[in-house]
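Working notes, beginning with the structure itself.
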């Protein structure tokens, strides 16, 4: 399954070609100051204020983000889709 994923222009995506290959996806970088090009990132960041130290975040924030249904995922949560993909991957291998 292939998808497109927009990212911020940050050092965490320096190895984006490897990430895309391993996840069987395509990665593109949004233009500077063009938040509409990466709406998922912008909508998710409502939970996390700018310049937040990620080590200070509680697991509750991560859980809430992963359990929130999304229209893009047919109103399933990211966690549901991830677990389904794992199940399908294991079932496919037999």
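The values are calculated or read from the model by the stated rules, or taken from the named source; none is laboratory data. This one's a predicted model, so the numbers in the text were calculated from it and none came from an experiment. Here Cβ is always computed from backbone atoms with ideal geometry, including for glycine, and neighbour counts include all displayed protein chains.
Restricted to the stretch 23-55, and to residues there that are modelled with pLDDT of 75 or more and assigned to a helix (DSSP H, G or I), the residue that is surrounded by the fewest Cβ atoms within 10 Å (Cβ to Cβ) is 55.
Pairing residues of the stretch 77-90 that are in contact (Cβ under 8 Å) with a residue 12 or more places away in the chain with residues that are surrounded by 10 or more Cβ atoms within 10 Å (Cβ to Cβ) and in a helix (DSSP H, G or I), at Cβ distances under 6 Å and at least 6 apart in sequence or on separate chains, gives 78/66; 79/66; 79/67.
May I ask you to verify whether residue 58 is at pLDDT 85 or above, surrounded by fewer than 12 Cβ atoms within 10 Å (Cβ to Cβ) and over 12 Å from the mean Cα position of the chain (by Cα)? For residue 58, the condition - at pLDDT 85 or above, surrounded by fewer than 12 Cβ atoms within 10 Å (Cβ to Cβ) and over 12 Å from the mean Cα position of the chain (by Cα) - is not met.
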